[in-house]
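Notes for the one structure printed next.
The values are calculated or read from the model by the stated rules, or taken from the named source; none is laboratory data. For clarity, every value in this text was computed on a predicted model and none was experimentally measured. All Cβ positions, even for glycine, are placed from backbone atoms using ideal geometry, and neighbour counts span all protein chains on display.
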Amino acid sequence: MTEVRIGVIQLRSMEEESIDAAIGEVAAVVTNLGSEADLVILPEIWTPGYFAFNTYAEAAADSDRIVTALSEMAADTGIHLHGGSIVTEVDGALYNTSHLFAPDGSQLATYRKTHLFGYGSREPEVLTPGPGPTVVETDLGTVGMAVCYDLRFPELFRVMVDEGAELLLVASAWPLPRLDAWRTLSRSRAIESQAFLVAANGAGPTPSGPTLCGHSAVIDPWGTAIATAGDDPDAFVATIDTDDVGRARHRFRQLADRRSFDSNQPNLFFTRPDTRPLRFRPERVLIAGYTGRDTDAVAAYVDSLAAKGIEPPPSTPMVYRAGRDRLVTHAEIEVMGSETCGEVEFVLIVADDATYVTVGSDHTDRELEEDSVPLSKQVVPKVVASEVWPLEEVKDHWDSLVLRAWVGDDELVPYQETGVDFFMDLETLYIHLDEPTKPGTVIFGGTVSSLDGGFDFSPVFRGELHDPVLDRSIFFEYRTTPLPGTETEES
């Protein structure tokens, strides 16, 4: 359990207060709350006030003083402090800017509001949109930052989650007429992100705009409000367990079940061992065949294929290409005819940050294979599991890994089983591949004959990559459905 105490400050409008008075009031509340909290968050543009658009330029001139004051508050109380947002100036442009400070007062991150609100607001007239998401590693976990109107744009939060965010901090000046939207959107972003969301809002009437709705909240990954404020200015502390993010993502794997709708640039989504999602865009899929370490065994396998009428490869190992759109994590795939079957393989996923290993199936059209092996591999989707392990975690016991497969329909029976040590080691395999460590590369590492030496065209295929050293496994399972009009008479 990793408990974090979250302090939320729901401020009144201080539009008619001087900057010094506003800083003093905020410092008093932060000091009071800081003794009970590990992190404190403030609302959006608490000085000079969100609707004081005519004074934004003046406020920006004082931004360095405000930032210094916030830094001192963090250091004096020994907490992480999210300064809500203030107006800053960069190269002549004004921004709605959030700052996150460490307990020693150093600045951990800056975020400039991406989506500027123009419905009855002058924000787009006087401010410039920020460049995009901010995600930062802290002692409290990985934090993403957003401001008010950003809540209406789930794609911003999805990017932050893909970058590892598990605690989302939102500073707001949300008006009372849209209170229902405030509650709904805050919960929605937490649910779809499977992350904690902390929303700090202003409260009460403002001299230059509508009343702010208050109702600041701390919301858990299931969308449940752990603590909320009411309509009036307030401050409260809620305790969260950041491990709940991992539990939610492991129990309900919605992030790994996402699908891309861009067929030209497909995205796949995997789950790492620590439950962080991995967004991966495949650029090329390499299918390595005949990769056994025992060259005599490889030759015997090639001979067995020849006996089935399959033309032997010109050399071994042999590397085939499949379209990147062929790579899927689906639980069901459509195939041509009834004579297709899977074969379990370890699969390497070369991402930008690291290389990962998972398990997949080089599903193949066996009837077409008799005429063209490359085409038989291209026409059928290649299914991989939605979980991955960093290759570094298994490198020192790579040869201990085990591959298994089962086939059937109502009842599954063992189909394949082999140790990864059956295949050539990765260093040797890489020699036969073109740029094997290039990000975006997917490598299917080869397979073995079935336990009885034949093909099984049952509709359900289940595969496993087992790690006996760390006592864990990755499983996947899918069903094949012949396209109408392609079934053979026997089916």
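Residue count for region 75-114 under the criterion of being within 26 Å of Val4 (Cβ to Cβ), among the hydrophobic types (A, V, I, L, M, F, W, C) and over 30 Å from the mean Cα position of the chain (by Cα): the result is 1. All conditions in (1) of a type outside the set (Lys, Arg); (2) exposed (fewer than 15 other Cβ atoms within 10 Å of the Cβ); (3) at pLDDT 90 or above; (4) not in a strand (DSSP E or B) hold for Val245, with the sole exception of (2).
Residues that are over 19 Å from Val237 (Cα atoms) and of a type outside the set (Lys, Arg) number at least 2 in the following strands (runs of 3 or more DSSP E) confined to region 148-225: 203-206, 209-213. Based on what the data block shows, is Thr228 modelled with pLDDT of 95 or more, assigned by TED's automatic domain parsing to the domain that holds Gly49 and touching a Leu at 6+ places or on another chain (Cβ under 9 Å)? When the stated conditions are applied, Thr228 does not pass them.
Restricting to region 175-184, name every residue that is crowded, with 19+ Cβ neighbours inside 10 Å and under 28 Å from the mean Cα position of the chain (by Cα).
First, pick out the residues of region 175-184 that are crowded, with 19+ Cβ neighbours inside 10 Å: 175, 182.
Across region 175-184, the qualifying residue is only Trp182.
Residues in region 429-471 that are exposed (fewer than 14 other Cβ atoms within 10 Å of the Cβ) and within 30 Å of Pro482 (Cβ to Cβ): Asp452, Gly453, Gly454.
Within region 15-70, if we keep just the residues that are touching a His at 6+ places or on another chain (Cβ under 8 Å) and either within 16 Å of Asn96 (Cβ to Cβ) or among the small types (Gly, Ala, Ser) (or both), the residue that is surrounded by the most Cβ atoms within 10 Å (Cβ to Cβ) turns out to be Leu42.
Inspect region 446-465 for any residue being assigned to a strand (DSSP E or B), over 28 Å from Asp257 (Cβ atoms) and in the same structural domain as Leu278 (by TED's automatic domain parsing) and give the result as yes or no.
Applying the first criterion (assigned to a strand (DSSP E or B)) to region 446-465 yields 460-465.
From what is left, the residues that are over 28 Å from Asp257 (Cβ atoms) are none.
No, the conditions are met nowhere in region 446-465.
Can you tell me which residue within region 439-461, out of those that are under 13 Å from Glu345 (Cβ atoms) and hydrophobic (A, V, I, L, M, F, W, C), is farthest from the chain's Cα centre (by Cα)? So the residue we want is Val448. Filtering region 1-14 to residues that are surrounded by fewer than 17 Cβ atoms within 10 Å (Cβ to Cβ) and either aliphatic (A, V, I, L, M) or in contact with a Pro (Cβ under 9 Å, 6 or more places away or on another chain) (or both) leaves only Met1.
Among the residues of region 371-403, just one is under 20 Å from Ala256 (Cβ atoms) and either among the polar types (S, T, N, Q) or more than 27 Å from the chain's Cα centre (by Cα) (or both), namely Ser386. Here Arg65 clears all of (1) more than 26 Å from the chain's Cα centre (by Cα); (2) closer than 18 Å to Cys148 by Cβ; (3) not hydrophobic (A, V, I, L, M, F, W, C) except the condition numbered (2). Taken over region 83-115, the criterion of being modelled with pLDDT of 95 or more, of a type outside the set (Val, Ile, Thr) and assigned to a loop (DSSP other than H, G, I, E, B) is satisfied by Gly83, Gly84, Ser85, Ala102, Pro103, Asp104, Gly105, Ser106, Lys113, His115.
Return the pairs, sorted by first residue and then second, in which the second residue is buried (at least 18 other Cβ atoms within 10 Å of the Cβ) and modelled with pLDDT of 90 or more, the first residue lies in region 316-342 and is closer than 19 Å to Ser386 by Cα and among the charged types (D, E, K, R), the beta carbons are less than 7 Å apart, and the residues are 6+ apart or on different chains. Correct list of pairs: Arg324/Pro282; Arg324/Val285; Arg326/Val285; Arg326/Pro381; Arg326/Lys382; Glu332/Tyr478.
Could you tell me whether region 425-441 includes any residue that is among the aromatic types (Phe, Trp, Tyr) and in contact (Cβ under 8 Å) with a residue 40 or more places away in the chain? Walk me through how you get there before you give the answer.
Within region 425-441, the subset among the aromatic types (Phe, Trp, Tyr) is 430.
If we keep only those that are in contact (Cβ under 8 Å) with a residue 40 or more places away in the chain as well, we get none.
No, there is no match, as no residue in region 425-441 is among the aromatic types (Phe, Trp, Tyr) and in contact (Cβ under 8 Å) with a residue 40 or more places away in the chain.
Within region 381-395, take every residue that is out of contact with any Gly (no Cβ under 8 Å at 6 or more places or on another chain) and in a strand (DSSP E or B) and give me the one that is nearest to Ile474 (Cα to Cα). The qualifying residue nearest to Ile474 (Cα to Cα) is Glu387.
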